[in-house]
Structures are given as structure tokens and as C-alpha cells.
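The values are calculated or read from the model by the stated rules, or taken from the named source; none is laboratory data. These numbers were taken from a predicted model, which means no experiment stands behind them. Methodologically, a virtual Cβ is constructed for each residue, glycine included, from the backbone with ideal geometry; neighbour enumeration extends over all protein chains shown.
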Amino acid sequence: MMRCDDRLRRAGCANPARWHGMFAVAWRATIWAAAAGLAGTPAFAQGSAVADFYRGKTVNLIIGTVVGGEYDLHSRLIGRYIGRHIPGSPTIVPQNMLGGGGIVMANYFYAVAPRDGTSLGVINNGYPGAQVMGEAAIHVDNSKLFWIGALSPTSETVAVWHTTGVRTIEEAMKTEVVIGSSGKGSITYTFPKLLNELVGTKFKLVTDYRGGNDINVAMERGEVGGRENTWSSWKSTKRHWLDKGEIRILVQGGETAKDLPGVPNIEDLAKNDEDRAVMRLIFAGSRLGRPVVTTPGVPPDRVKALRDAFDATMKDPEFLAAAAQAKVEVDPVPGLTLQKWVDDILKSPPKIAQRAKELLE
């Protein structure tokens, strides 16, 4: 049974029984993994030391969000195919770890998860920026993680339900709209908060929803009037809302989506260069997409094998067919590119980082 020792307390564990139950479910999922053919046909020679290490092992793919959202969708899609491209063909078992908008998962992954290459995590892309800003709740040095790859960059958006009567970001500066959020450590909070502070919107933030699915239900019920979400997630999970005009995209942030003409980027609304630099730092994570990482301390040959396996997965015909069926865009970012971008974020000027922190607090 997993004990809530000092390392787990740093990760945010308060209920040992809950964690034990969560991981018991995850380990039982190994049976599902094998039935789904996660190991697949090995794509690499199996005689290397890396293959010998992974053969017969289980690699836990830890996801810091609820089942059904974009992070979860990307994670499980990758998990179904990457095992066949890792030497030794280990079984990949996805498991969701909730709390604090992904903070509990990140802290656990960094402080507790095995540092031998048998743990993969899909981490919140805003955490490198949060580290620069000195976010006290996140106990992760992102420079020590090994970044494996991401399916694609993302465009963050804020959308409102059609019954709010708000159609543009300018109207949101005059009319209060209740926005649902999963917590202060999440982009679902920081994006609308930043719009309030730097653009002048009147969003009223309601936190502690368990995840995007819960917020979506709250929108349908009229409990909240909108939420932050990526453009790719809206297209893959709520296409019928878009087709029926039930939500309106007011603004986007980070990478500008080519198929959102007329929707302003938050940087276009900046009042000066310093505000624009602050926005760029806060949305720097959008380039990272839904990034897959492994823990510090993993031997270099295993890190390379994991990165090569990710790259091979992105070219796997069966993976690409499954992604197309799930309406998931594939524009992969390799691990070394992610690592460089993270290093660049961590070098952000202290003045800009401090101002961003003050705004978000």
C-alpha cells in the first residue's frame, strides 16, 4: 500500500487510501493494455541493453487531468502505439492523477515516480512559465525533466455560451460573464484572469471544477457562461457546439490558429510592449502542446530510446489513422525542440516574470 510519506506530501497526497485505490485501478488496467495490443510489433532490434531493460516491464503514463479532455485524449492515443516503438516493447498503462489543475500530478511525477524510464507523464504546458514566476505550489524544476515530444502546438481560446449574449471580446469588457476553471494552477484560470487584468474584461472566475468536462456540463446547465479551452479540443470534442453556434470564440492566445479568422490574439490587444512580453511568457506553453516527459535521472540511452519511439509513433500509419478518426491534429514537436523551448522560457527576464506573477496573483 502506498504510504503518504514526505515525498508524497510534497506531491500533495493527503489521503493514502485514495491513492492506493487509484493505483490499484491503474495496475489492473494492465490487462486492458495487453488486450488492446499496446505492445504491438516491435520496431527496433531487441538485443540492446535498453531492450533488455524494458522487456516485460510496464511503463506508467501518468495524466494530470480527468478522463475525456484533450490532455487525456492525446495521452491515451500516444499510449496505444508508443510501446511498440520502445525497444523491448513494454506495456503502456495510462492512469489519471487529479488535483490542483495538474499540480498534484506534476509534483508526484517529479518527486516520487521512478527515475528509470518506466514513468512517462503528460504535464501541464504552463509549468515552465510558472516556474519562472515562482509559483510556490509547483515543486518541479522543468530543466531537469526530459521532454519527449508533443502531438502539436496549441491555440488557447476563451469561449462563451450563446445565451450569454456576448459575441466579441469588446462586449466582454462591458458585460460580466461567469467563467468556469479547474484551479489557479491551470490555464483555464490564468487566461481569463490575464484578460481581466490587461485587457479589461469582466470575467467572474469560478474555480474547483474537476476538469473540462465538468465545466462543459456547467455551461450547458447555465451555471457558468464560458471557459478556456484549446481550439483543437473544441474541434475534436465539441464540434457539434461549433456547428450549431452554441459557443462563440472571443479571443485566442499563444499560437494563432489559421482557421480562426477574425478572432483576435491576446497579444493584438496589448496596450504596450511590456504587456505584450508578459502575455508572451504566460502563453509560452502553448507551443509545447500537451507535452510528454520523463523523470529526471533517466539514463541517456533510455531517454534517446523514448524520444525515438515518440518520433516513430508520429509516423506510424495505424497511429495516424486513429488520430484522424479521433479528429486529432498531428503536427509533432520533437523532444529536443521542446527541451530548447523550455530552456528559453526559463531564461525569461526577471522583470517580466515578476510582473506576470503579480498579475496572476
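Number of residues in region 230-265 that are without any contact (Cβ under 8 Å) to a residue 40 or more places away in the chain, within 23 Å of residue 213 (Cα to Cα) and either not assigned by TED's automatic domain parsing to the domain that holds residue 189 or not basic (Lys, Arg) (or both) equals 4. Filtered by the rule that a residue be within 19 Å of the chain's Cα centre (by Cα) and assigned to a loop (DSSP other than H, G, I, E, B), region 166-206 gives 181, 182, 183, 184, 185, 186. Taken over region 75-95, the residue count meeting the criterion of being crowded, with 22+ Cβ neighbours inside 10 Å and closer than 20 Å to residue 214 by Cα is 1. Tallying residues that are basic (Lys, Arg) and touching a strand residue (DSSP E or B) at 6+ places or on another chain (Cβ under 9 Å) within region 51-97 yields 3.
Taken together, the criteria place residue 210 among residues that are surrounded by fewer than 16 Cβ atoms within 10 Å (Cβ to Cβ) and more than 27 Å from residue 347 (Cβ to Cβ).
For the condition over 14 Å from the mean Cα position of the chain (by Cα), within 29 Å of residue 266 (Cβ to Cβ) and not β-branched (Val, Ile, Thr), what is the one hit in 143, 152, 75, 89?
After ruling out the rest, the residue left standing is 143.
Comparison of 113, 130, 106 shows that the only residue that is out of contact with any His (no Cβ under 7 Å at 6 or more places or on another chain) and surrounded by fewer than 22 Cβ atoms within 10 Å (Cβ to Cβ) is 113.
Apart from one condition, residue 210 fits all of (1) modelled with pLDDT of 95 or more; (2) in a loop (DSSP other than H, G, I, E, B); the exception is (1).
Identify all residues within region 238-287 that are basic (Lys, Arg), more than 21 Å from residue 219 (Cβ to Cβ) and in a loop (DSSP other than H, G, I, E, B); write none if there are none.
Result: 258, 271.
Residue 324 meets the conditions (1) within 30 Å of residue 184 (Cβ to Cβ); (2) assigned by TED's automatic domain parsing to the domain that holds residue 73 in every case but one. The failed one is (1).
Here region 252-265 is the region considered, the condition is being within 18 Å of residue 203 (Cβ to Cβ) and over 20 Å from the mean Cα position of the chain (by Cα), and the residue that is surrounded by the most Cβ atoms within 10 Å (Cβ to Cβ) is 263. Residues that are assigned to a helix (DSSP H, G or I) and touching a Lys or Arg at 6+ places or on another chain (Cβ under 9 Å) within region 213-231 comprise 215, 216, 218, 219, listed in sequence order.
Name every residue in region 296-318 that is at negative phi and either outside any helix (DSSP H, G or I) or touching a His at 6+ places or on another chain (Cβ under 7 Å) (or both), in order of residue number.
296, 298, 299, 309, 312, 313, 314, 315, 316
Considered as a group, the residues in region 133-158 that are more than 20 Å from residue 329 (Cα to Cα) and small (Gly, Ala, Ser) include one that is surrounded by the most Cβ atoms within 10 Å (Cβ to Cβ), and that residue is 137.
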